[in-house]
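So the structure is just underneath, and the comments pick up after that.
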Amino acid sequence: MVAYDLMKEQIKKEISDYLDLNPEKADINKPRNLYDPIFSYKQGKIKVTIFSEKLSRENFLDAFDILKKYYQNFSGLRTEFNGYELTAELKNSRCIYPKPEKEELKDNNMVVEFGFDKYISLIEGVEADDLAKSNVITFQKEVELKQEEINCVLDVWRKFAVNEPEKKTDPKQELISLGMTVYEANEEFTWDSLAGYEGIKQQIKDTVILPFKHPEIYDGIVKLTRTKDTKNIVRAVLFEGPPGTGKTVSAKIIGNDTRLPLIYVPIESIMSCWYGVAEKRLASVFRECSRLENGILFLDEIDSLAGSRDKEMHEATRRILSVLLREIEGFSSSDNILTIGATNVVGNLDHALLSRFDRIISFPLPNQNERSAIFNYYARHLSKNDALKLARETDKNSGRDIEDICSDAERVWAREVISSNIELTAPPLESYLEALKQGKKHITPDKIMGFNANNPKRI
């Protein structure tokens, strides 16, 4: 335990040392203190208040992340006043002292209060005569603080009461550290990589790539037609359709065609079992993307992040949806970021979220001619008649299903070459027909989830 006076002295010294780490540098490069913590000790209760212009309802969970390093057993989250209050117990130690007379006093609990627009005294010892309206974080305890609790107070102060010099970081590296995958433009995926689907490819070129490459033409037309100067460039697009129909490949092709980095958002990197973490991560992804000069943000399986509010929705999902609604709407008017969402079940998406997308492009299962073109892509040695024969046998199969069939056929033929010791050649048609018979049965999305491609915004 650290006595109250010693605690104050230690915190003030730590603050002074922290602010003078680099005295030789110009002031602009030094951390700047906003306000010192405010201390009080009345009727055996210690209170440390941190005044913060940086604290908000949107980022108070950053403080909660710091608290989790030191405390456990969080309880009593209340919103009775203009803020939040919780009770927590230190992880590594307990306070042993005579049990207080009042039953409501707790013997190792720290009460942490997040107050918004709250009137507090900004100077130690000054009472109600000199109050200011502010956002605050208050630590309260019935006994003296332990050293780790003092460290926690200082960590929170550094986060919310200090203006740090701006650090120049690479947004791509920050995105990678958040668990995102950044694909740089390359030659791996071209329009030839999406066999068939000529109509869809043309839609993407016309509605997405052309405006992105020639924004000045679109801006010029708007100036000649609109009463108010505005933008008419697609900045948010939704790809919808069954699995394996080319939605992810199309996003990579767009990145390569425009020569822009593609930021892929894995769902598992966003979701968390901790309260409030998922929406904070998602907001951080959007924030770092906005720092890029230009780029594409690809939200695959967007329905897993936020479904429809027409159905029963978990509170965590509701908060994630709120972030998506806010951020995608902001990106729609941005000139440097194209947001692409992808879903297998468009009917499960919230109507408000659907309205945020400028265009919805549907990727249906390939028709017979498209399946034939896909077979020719993965088995270029086959004749057009052979590819067409295979296409007739693979109704309701996706492009990914056809790729799997071709891979199976190659393995079937490899076993035959090895067992029969024959000359190595490309697999004959019979190997592909054998793969169709022996391979897995492909369950189509319309059988699984009643897929319906009809959509009023469908292009």
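The values are calculated or read from the model by the stated rules, or taken from the named source; none is laboratory data. Bear in mind the structure is a predicted one, so any value in this text is a computation, not a measurement. Every residue, glycine as well, gets a Cβ built from its backbone with ideal geometry; the counts of neighbours run over all protein chains shown.
Summary table
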| item | result |
| --- | --- |
| Selection from the range 118-170 of residues that are of a type in the set (A, V, I, L, M, F, W, C), more than 30 Å from S284 (Cα to Cα) and modelled with pLDDT of 65 or more | V143, L145 |
| Selected residue [in contact (Cβ under 8 Å) with a residue 60 or more places away in the chain, closer than 22 Å to V249 by Cα and of a type in the set (A, V, I, L, M)] from A391, A379, A373 | A373 |
| Any pair with Cβ under 8 angstrom, 6 or more apart, that starts in the range 266-286 at a residue that is among the acidic types (D, E) and ends at one that is part of a helix (DSSP H, G or I) and modelled with pLDDT of 75 or more | E279/R319; E279/I320; E279/S322; E279/V323 |
| Within the range 188-213, tally of residues that are out of contact with any helix residue (DSSP H, G or I) (no Cβ under 7 Å at 6 or more places or on another chain) and farther than 28 Å from N232 by Cα | 2 |
| Selection from the range 248-286 of residues that are within 10 Å of the chain's Cα centre (by Cα) and not aliphatic (A, V, I, L, M) | Y264, P266, E268, S269, E279, K280, R281, S284, F286 |
| Residue satisfying condition, being among the hydrophobic types (A, V, I, L, M, F, W, C), closer than 16 Å to C152 by Cα and modelled with pLDDT under 80, within set F74, F81, F114, F39 | F74 |
| Among the candidates G255, G241, residue that is within 23 Å of E187 (Cβ to Cβ) and in contact with a strand residue (DSSP E or B) (Cβ under 9 Å, 6 or more places away or on another chain) | G255 |
| The one condition in (1) closer than 22 Å to I374 by Cβ; (2) without any contact (Cβ under 8 Å) to a residue 40 or more places away in the chain; (3) touching a helix residue (DSSP H, G or I) at 6+ places or on another chain (Cβ under 8 Å); (4) not acidic (D, E) that I254 fails to fulfil | (2) |
| Conditions (1) outside any loop (DSSP other than H, G, I, E, B); (2) closer than 28 Å to N397 by Cα; (3) at pLDDT 90 or above: number failed by I263 | (2) |
| Residue list for the range 413-440, restricted to those being under 16 Å from N376 (Cα atoms) and outside any helix (DSSP H, G or I) | A426, P427, P428 |
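Yes/no per residue for (1) in the same structural domain as D401 (by TED's automatic domain parsing); (2) modelled with pLDDT of 80 or more; (3) farther than 27 Å from E403 by Cα; (4) not in a helix (DSSP H, G or I):
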residue	(1), (2), (3), (4)
L324	no, yes, yes, no
G330	no, no, yes, no
G341	no, yes, no, yes
R371	no, yes, no, no
